Amino acid sequence: MNKQIRSATTRLQINADKNSVWKKVGFYEHVKKQPSWLLRLSLPTPQAVEGHYNKIGDICRCRYSDGGYLTKRIIHIADNTRIEFEIIEQSIRYQNSIKLLGGYIEVNQSGEEQSIVSMVTFYENHIAPRFISSFFIERVIKTMHKFVIDDMQTQLNNLTISQSQLV
């Protein structure tokens, strides 16, 4: 295995059943709210998204604030549990020093109205010394994961509020 390939993993609990959470699964480029200062400082921000991520082979392409693109292809979907993707185009800043490879999002039931969302991102780190740079890269990726998962929880909370207003 290539020693430059690394992964960042984030697992967070969401207060909702697995099927409800699965309906809200999305990626960084699909979150509508403003990213945190750390994310805005570290990553280009999503500007426009085209494509889908509903079935194997779907392609989703995002243009970022630095003028670059990131394109994902869905390579595996496991029945309301896991969606895996690979990066097939990357022209965003840091592309030569940090190459994003792909990853997955997984949702598992952990209680009656609780689920665990796991996000994993695989990348190659070409910044020396790797043990130091990987620490900071992983921190940014995990912050991005948390941002996405928190948005899923917010969407579910808003859905619950909307449904309770109908009653």
**OP:** Kindly indicate whether residue 77 is without any contact (Cβ under 8 Å) to a residue 40 or more places away in the chain and within 16 Å of the chain's Cα centre (by Cα).
**Re:** yes
Original post:
Quick check: anything in region 1-24 assigned to a helix (DSSP H, G or I), among the aliphatic types (A, V, I, L, M) and modelled with pLDDT of 95 or more?
Top reply: yes
**OP:** For residues that are in a loop (DSSP other than H, G, I, E, B) and in contact with a strand residue (DSSP E or B) (Cβ under 6 Å, 6 or more places away or on another chain), scanning just region 25-50, find the one that is farthest from residue 90 (Cα to Cα).
**Re:** 25
Original post:
Do you know which of the residues in region 82-100 that are exposed (fewer than 15 other Cβ atoms within 10 Å of the Cβ) and hydroxyl-bearing (Ser, Thr, Tyr) is farthest from the chain's Cα centre (by Cα)?
Top reply: 97
**OP:** Output the residues belonging to region 138-161 that are touching a helix residue (DSSP H, G or I) at 6+ places or on another chain (Cβ under 7 Å) and either polar (S, T, N, Q) or not in a helix (DSSP H, G or I) (or both).
**Re:** 143
**OP:** Working only within region 76-132, note down all residues that are in a strand (DSSP E or B) and acidic (Asp, Glu).
**Re:** 84, 86, 89, 106, 124
Original post:
Condition test on residue 53, is it closer than 25 Å to residue 134 by Cβ, free of Cβ contacts under 8 Å to residues at least 60 places away in the same chain and not in a strand (DSSP E or B)?
Top reply: no
Original post:
Out of the residues in region 110-137 that are in contact with a helix residue (DSSP H, G or I) (Cβ under 6 Å, 6 or more places away or on another chain) and of a type in the set (A, V, I, L, M), which is surrounded by the fewest Cβ atoms within 10 Å (Cβ to Cβ)?
Top reply: 127
Original post:
For region 148-167, what are the residues that are modelled with pLDDT of 95 or more and surrounded by fewer than 17 Cβ atoms within 10 Å (Cβ to Cβ)?
Top reply: 150, 154
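The values are calculated or read from the model by the stated rules, or taken from the named source; none is laboratory data. Note that the structure is predicted; figures quoted are calculated from it, not measured. Positions of Cβ are backbone-derived with ideal geometry, glycine not excepted, and every protein chain shown enters the neighbour counts.
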